[in-house]
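Shown next, in structure tokens, is the structure this report addresses.
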Amino acid sequence: MATHALAPATTAYRPGLYEWLTTTDHKKIGIMYVINSFLFFLIGGFFALGVRAELAAPGLQIFTNEHVYNEFFSIHATVMIFLFIIPMLAGLGNYAVPLMIGAPDMAFPRVNALSFWMLPLAGMLLLAGFLTQGGAAAAGWTSYPPLSEVGPTKSPGPGQDLWIVALTLIGTSSILGGINFLVTIFKMRAPGMTLFRMPIMVWTMLVTSVLVVMATPVLTSALVMLFIDRNYGGHFFDPTHGGIVVLYQNLFWFYSHPAVYVMVLPAMGVISEVLPVFSRKPLFGYKAFIFATAGIGALGFSVWAHHMFTTGSVFLPFFSLMTFLIAVPTGVKMFNWVATIFRGKLSFSTPFIFAIGFLTMFLIGGINGAFSAAVPVDFALHDTYFVVAHLHYVLFGGSVFGVFAGIYYWFPKMSGRMLDETLGKVHFVLMFVGFNLTFFPMHMLGLQGMPRRIADYASNAGWNDWNLLASIGGFIIGTSILPFIWNVFVSLRNGKIAGDDPWEGNTLEWATSSPPPPYNFDRLPEIRSERPVFDARHGRLTPHDEMGPA
Amino acid sequence: MTADARALTADPSAPLVLQEGHLARGISSPILGMLLFLTSEVMFFAGLFAAYFSTRAADQPWPPKQFDSILNPLSLILVATVILISSSFTCQFAVWSIRRGDRTGFIRNISVTFVLGIVFLLLQAYDYTLLFGEGMTLGSGPFGTTYFTLTGFHGAHVFGGVLMLGVILYRGMAGQFSSRHHDAVEAVSLYWHFVDIVWIVLFSVLYLL
Amino acid sequence: MSSTPRKRLAPEALIAAVVVILLAVLVPLVVYSGAGSSLFPPTAVTTQARDTRGLYDIVFGIAVAIFVAVEGLIIWSVIRYRRKAGDDELPPQTHGNTLIEIVWTLIPTVIVLYLFAISWNTLNTVDAVSSNPEIRVHAVAQQFAWKFEYLDANGKVVATQSEPSAAKGGGMAVPVGKSVLVTLDSPDVIHAFYVPKFLFKRDVVPGQTNRFQFTVDAGEATDGHPNIFGGQCAELCGTGHRTMLFNVIAMSPTDYDAWLKALIIQNNATPPPPPSGAPETTVTAQNTAFDKSSIDVPAGHPFVIDFKNMDIQPHDIDIRQSDKTTLIQDQPITDAGKESHYTYNPLQPGTYVFICSIHPTLMSGTLTVH
């Protein structure tokens, strides 16, 4: 076991706020990512509650100006996707990855800081749209032209342009982050950590970063073209002057489909860390899991037009086949997780409970996605609330629960204090109940014919009860955040001291203090498997001690 | 540092970890970073090219009648192309120079590359004014929009490259590069070659096809 | 191997088994009973819709089975394998099992390939368009109203229905039992033609004419008893998106022929002359705006607005109270490029609003009645 200490930490931190504003330490940057993303989660949630408040009953109660309603759901989704989920997972990755590979920091710490600071700026630009004459962007988070072009009944104001600029900034931040993760993972692993001994969290961040680097620029090209159409007399998407409307959708979804894997793979990485720790067993099928993740990443580039089945300009059988096929590696991962907890010894700490929430809810999201893969069924369900149900089951039921599992899991490492378990469980129960109450009825609404993105619906359509239930559920989700926020504040002050390894973890971040020193590790344990800290704790030299065939 | 690093691990066969992500073997971090960045740039241009090809396929005749022979490969643009390709050569000469430790050769070649890059931009700008004079602009229809978007973003990338060449020229003159330490030069040269290759593709697609 | 052989079933195993069995029984029970009817699409009214419904049912059945099986396994594990307090012994450290992993990769692959095959098969019937449809309709989607043009076998327009709502005497009428080809166009933004009971929608993309075909089941309408289906635009198209409703009216072939004849007569009829002496104002619409922001008329007298719609969108000029919501007088839609003479009943003195019902936020003005 290596026992040489590195140079002692004599660097004096710069005073308080200045330190945070100028830091290039991945741990602090990761924490800022998490905090900033959480703030945008609240902002996106506010817009969602506006939508749900309006839809609770038929009739236009709140949004007599429908344009503002359109702004609300457009900005809700844009904020949740680009300013909450993607950066939140990037932030958890930023914190965890260097620690998990035994590195002192990311490969490019200053670029790391730049990536972060672009986000609050972009968020402010996006929201500034509300202060402009025409309001914020209101053509949906997808901003399809011609609706997103200029014209009196289209998107005449600067709000849409601010949306374009904000997303370009966020995309750049993402790409720089992706490059940073890839170089860090390839170049800065501690001795002994071969690729096939990396934690799954690191693998998912690797595949995610490949997706980010290769797909995001295509979105940038689409945004640039839309901007030129809007401001420089371009006609990329204007059919009256030789442009092609559907071109935008193809470019947009070429990015946005891989983007959904960017939004879920790191959360799957979190689950793959949490479940083994709290089951006291290794992840079942570690190598298969890695291949499945890589398979999802690769296949993810071949399915984009399944968002466009109803456009009449897509080669339907190919995209339907690829969409069905991507269910296979996803299912494999699901089975791997279940096999991990099967015959384990399960501790029901809050991270584990959120991970189980992920498993049970992401399964539903995966299943209802299969309906849309069947093209004729998609003809009925596309652009209805069924799709809203699907996307929220995977992104909320999946990613958000995964995010909270990660926050509860790593909060002790980040702060040195434990979060309160009771408050955590209250948070989970409220969120789980609220979530299902909100989104399960949307399956029914979509099947019964309720389209998306409408401010109001006919009172005799038979949609009233499901909508009311969904709205009540939405507000329950809102309240579930309160015990969490309270928990964070109380625990930072008075939480139980965590120590290096409160959960009996498997991976290297638990081999250093909580919080870690600036350079992360005084010493590293021997790395001979994907669970170096577990091996060290149980005095194992050979990591394989399984009871069945390997 | 080497001795300390070796002492960090009990396993003598484990890879040597040196400072700043320079493994004893393998590509250096900044160069890997540049390669990944270039990958993202390739994808950005891929999106623009996808737009170009689909628009062109949908809008016959192409070029439209009014711009039938406006994009003439045997014109000023050919001179600009030759200049840019030459600058790739001089750039590579600069890399070879500094790899040998020949600082003077490096500075000479990078200066020439820098100047050639600026000349390319000036020629491009002049060519733009000629096109504007004939009524071809960003707003004159899909032919103009796609042409100026593609060449415009390429030009912006050349401009960025010229700035980077300026930085390594300055650093070279300040003696910051040696045969062992010149990652920035390698990275910038990769970027410059990328910019050149994109131009060759652009020129072929826009002017020859 | 566990260290002590168990002689009887652990209590957790019993509880877990009971919960899972309950799940496996209750879920299909609820889902396939009347209570679960809203988990299925509405009853199909066209041949194509019935094919889609058949596919849905198969996918649904497989979905329920997978849901029960996997959730069951999760619930079983979570109940059965709870760690007892003070038990520090590690469970068997199973890293994997190649055989099981191969099996659980192959079986889902087979299932999804099967699903793909049946959905492709169904797609071929649902998406089929014949070269000789019996009825041709050209649906034009505009911000924010649908227009239906009836075409003859050569594609020439024989009749136009500018009112999309059946309640207002409009709608897209079709005969049952006959193949109807719908072509879709839009002059402005993307819309979508969606009829829930058809289990179908198709985008209307500017610059691209989409087409689809359907045949309403013969039993859906008989002589004198038409059947009205609701439809709605299903692609965000702006502020009036939620108002872009329309109806498809299925009629017996005899009723349909009569209806079409009546529509042709209505299209060609000269409008009744306005009452003599009625003051006439000319209003033009362009770029989603009226050219006048105020109109003055005398009280107690019918009045006329000569409305020239020079826009690419349909408009109308209704009269509402100054709250812009309470309707006083409704007028039919004027298509893009057309002109209408709207005659209005006499009004009491006061301030009212003249407004386009399709674009109320952008197109309204003050109507002062002295």
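The values are calculated or read from the model by the stated rules, or taken from the named source; none is laboratory data. Predicted model, so just to flag it, every value in this text is computed and none were measured. Don't worry about glycine lacking a Cβ; one is built from the backbone with ideal geometry, like all the others, and counts go over all protein chains shown. For accessibility, only protein heavy atoms count, side chains too; no ligands or nucleic acids. Shrake-Rupley method; radii C 1.70, N 1.55, O 1.52, S 1.80 Å.
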Checking residue C:102 against (1) more than 8 Å from chain A (Cβ to nearest Cβ); (2) crowded, with 16+ Cβ neighbours inside 10 Å; (3) at pLDDT 95 or above: exactly one of these is not met. Which one? (2)
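Suppose the filter is in a helix (DSSP H, G or I), at pLDDT 95 or above and open to solvent by 10 Å² or more (accessible area, probe 1.4 Å); does residue A:125 pass it? Full working, then the answer.
Working: in a helix (DSSP H, G or I): yes; at pLDDT 95 or above: yes; open to solvent by 10 Å² or more (accessible area, probe 1.4 Å): yes.
Yes; evaluated as a whole, the condition is true for this residue.
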Can you tell me how many residues in region A:376-421 are surrounded by fewer than 23 Cβ atoms within 10 Å (Cβ to Cβ) and small (Gly, Ala, Ser)? 2
Evaluation of residue A:79 against (1) open to solvent by less than 20 Å² (accessible area, probe 1.4 Å); (2) in contact (Cβ under 8 Å) with a residue 60 or more places away in the chain; (3) in a helix (DSSP H, G or I) (one fails), failing number: (2)
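Please count how many residues of region C:46-80 are hydroxyl-bearing (Ser, Thr, Tyr) and either outside any helix (DSSP H, G or I) or more than 30 Å from residue C:248 (Cβ to Cβ) (or both).
2
Each row is one residue, and each column tells you yes or no for (1) among the β-branched types (Val, Ile, Thr); (2) crowded, with 21+ Cβ neighbours inside 10 Å; (3) farther than 19 Å from residue B:82 by Cβ.
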position	(1), (2), (3)
B:114	no, yes, no
B:133	no, no, yes
B:142	no, yes, yes
B:145	yes, yes, yes
B:150	no, no, yes
B:172	no, yes, yes
B:182	no, yes, yes
B:187	no, yes, yes
B:202	no, no, no
Hey, can you tell me all the residues within region C:290-345 that are more than 29 Å from the chain's Cα centre (by Cα) and under 18 Å from residue C:240 (Cα atoms)? C:290
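Residues being closer than 25 Å to residue A:212 by Cα, of a type in the set (A, V, I, L, M), within 7 Å of chain C (Cβ to nearest Cβ) and open to solvent by less than 20 Å² (accessible area, probe 1.4 Å): count how many of those fall in region A:324-344.
Narrowing region A:324-344 to residues closer than 25 Å to residue A:212 by Cα: A:324-334.
Next, from what is left, pick out any that are of a type in the set (A, V, I, L, M): A:325-328, A:332, A:334.
Checking which are within 7 Å of chain C (Cβ to nearest Cβ) leaves us with A:325, A:327-328, A:332, A:334.
If we keep only those that are open to solvent by less than 20 Å² (accessible area, probe 1.4 Å) too, we end up with A:328, A:332, A:334.
Qualifying residue count for the region: 3.
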Just wondering, is there one or more residues in region C:148-167 that are open to solvent by less than 30 Å² (accessible area, probe 1.4 Å) and at the interface with chain A (Cβ under 10 Å from one of its Cβ atoms)? no
Name every residue in region C:123-181 that is within 23 Å of residue C:245 (Cβ to Cβ) and touching a Ser or Thr at 6+ places or on another chain (Cβ under 6 Å), in order of residue number. C:138, C:141, C:143, C:144, C:147, C:149
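Can you name the residue in region C:190-205 that is more than 7 Å from chain A (Cβ to nearest Cβ) and under 26 Å from residue A:239 (Cα atoms) and is also farthest from the chain's Cα centre (by Cα) among such residues? Walk me through it before giving the result.
In the first step, residues of region C:190-205 are kept if they are more than 7 Å from chain A (Cβ to nearest Cβ); the result is C:191, C:193, C:195, C:197-198, C:204.
The next check asks that each one be under 26 Å from residue A:239 (Cα atoms); those that pass are C:191, C:193, C:204.
Details: C:191: 10, C:193: 6, C:204: 12 Å.
Out of the qualifying residues, it is C:204.
Can you tell me which of A:316, A:321 is open to solvent by 30 Å² or more (accessible area, probe 1.4 Å), in contact with a helix residue (DSSP H, G or I) (Cβ under 7 Å, 6 or more places away or on another chain) and farther than 15 Å from residue A:394 by Cα?
Numbers: A:316 fails: open to solvent by 30 Å² or more (accessible area, probe 1.4 Å).
One residue alone meets the criteria, A:321.
Residue B:156 - would you say it is open to solvent by 30 Å² or more (accessible area, probe 1.4 Å), of a type in the set (Gly, Ala, Ser) and part of a helix (DSSP H, G or I)? Lay out the reasoning, then the answer.
Working: open to solvent by 30 Å² or more (accessible area, probe 1.4 Å): yes; of a type in the set (Gly, Ala, Ser): yes; part of a helix (DSSP H, G or I): yes.
Yes: the conditions hold for residue B:156.
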Only residues that are assigned to a helix (DSSP H, G or I), under 24 Å from residue A:390 (Cβ atoms), of a type outside the set (Ser, Thr, Tyr) and within 13 Å of chain A (Cβ to nearest Cβ): list them for region C:15-40, please. C:23, C:27, C:30, C:31, C:35, C:36, C:39
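Anything in region C:258-276 that is open to solvent by 70 Å² or more (accessible area, probe 1.4 Å) and assigned to a loop (DSSP other than H, G, I, E, B)? List them, or say none. If you could, list the steps in order and put the result at the bottom.
Here is the first cut: in region C:258-276, the residues open to solvent by 70 Å² or more (accessible area, probe 1.4 Å) are C:261, C:265-266, C:268, C:270-273, C:276.
Of everything in region C:258-276, those that are open to solvent by 70 Å² or more (accessible area, probe 1.4 Å) and assigned to a loop (DSSP other than H, G, I, E, B) turn out to be C:270, C:271, C:272, C:273, C:276.
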Would you confirm whether any residue within region C:303-317 is within 14 Å of chain A (Cβ to nearest Cβ) and either farther than 23 Å from residue C:358 by Cβ or in a strand (DSSP E or B) (or both)? yes
Identify the residue in region C:54-67 that is more than 8 Å from chain A (Cβ to nearest Cβ) and either touching a residue at least 60 places away in the same chain (Cβ under 8 Å) or in contact with a Pro (Cβ under 7 Å, 6 or more places away or on another chain) (or both) and, among all such residues, is most open to solvent (accessible area, probe 1.4 Å). C:58
Filter region B:23-40 down to the residues that are facing chain A (nearest Cβ under 7 Å) and out of contact with any Leu (no Cβ under 6 Å at 6 or more places or on another chain) and list them by number. B:23, B:29, B:32, B:33, B:37, B:39, B:40
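Just to verify a result, which residue in region A:154-197, among those that are touching an Asp or Glu at 6+ places or on another chain (Cβ under 7 Å) and of a type outside the set (Gly, Ala, Ser), is nearest to the other protein chains (Cβ to nearest Cβ)?
Across region A:154-197, the extreme among qualifying residues is A:191.
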Name the residues in region A:102-123 that are over 15 Å from residue A:175 (Cβ atoms) and touching a Leu at 6+ places or on another chain (Cβ under 7 Å), would you? A:102, A:121, A:123
Taking the condition open to solvent by less than 50 Å² (accessible area, probe 1.4 Å), within 14 Å of chain C (Cβ to nearest Cβ) and assigned to a helix (DSSP H, G or I), does residue A:442 pass? yes
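Based on what the data block shows, is residue A:308 away from chain C (no Cβ under 14 Å) and of a type in the set (A, V, I, L, M, F, W, C)? Let's see the steps before the verdict.
On the way: away from chain C (no Cβ under 14 Å): no; of a type in the set (A, V, I, L, M, F, W, C): yes.
Taking the combined requirement at face value, the residue does not satisfy it.
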Any chance residue A:272 is within 14 Å of chain B (Cβ to nearest Cβ) and either part of a loop (DSSP other than H, G, I, E, B) or in contact (Cβ under 8 Å) with a residue 12 or more places away in the chain (or both): no
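Considering each of A:252, A:284, A:278, A:289 in turn, give the residue that is open to solvent by 10 Å² or more (accessible area, probe 1.4 Å), more than 9 Å from chain B (Cβ to nearest Cβ) and in contact with a helix residue (DSSP H, G or I) (Cβ under 9 Å, 6 or more places away or on another chain). Outline the logic, then answer.
On the way: A:252 fails: open to solvent by 10 Å² or more (accessible area, probe 1.4 Å); A:278 fails: open to solvent by 10 Å² or more (accessible area, probe 1.4 Å); A:289 fails: open to solvent by 10 Å² or more (accessible area, probe 1.4 Å).
Matching residue, one of A:252, A:284, A:278, A:289: A:284.
Just to verify a result, which residue in region A:204-238, among those that are in a helix (DSSP H, G or I) and free of Cβ contacts under 8 Å to residues at least 40 places away in the same chain, is farthest from the chain's Cα centre (by Cα)?
Taking region A:204-238 as the starting set, the residues that turn out to be in a helix (DSSP H, G or I) are A:204-231.
Filter once more, keeping what is free of Cβ contacts under 8 Å to residues at least 40 places away in the same chain: A:206, A:209, A:213, A:218, A:221-222, A:225, A:228.
Working: A:206: 15, A:209: 13, A:213: 16, A:218: 20, A:221: 23, A:222: 22, A:225: 27, A:228: 30 Å.
Ranking the qualifying residues of region A:204-238, first place goes to A:228.
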Answer yes or no: is there a residue in region A:166-187 that is free of Cβ contacts under 8 Å to residues at least 12 places away in the same chain and outside any helix (DSSP H, G or I). no
Matching residues in region C:319-347 - criterion: being open to solvent by 60 Å² or more (accessible area, probe 1.4 Å), touching a strand residue (DSSP E or B) at 6+ places or on another chain (Cβ under 7 Å) and in a loop (DSSP other than H, G, I, E, B): C:322, C:324, C:326, C:330, C:337, C:338, C:345
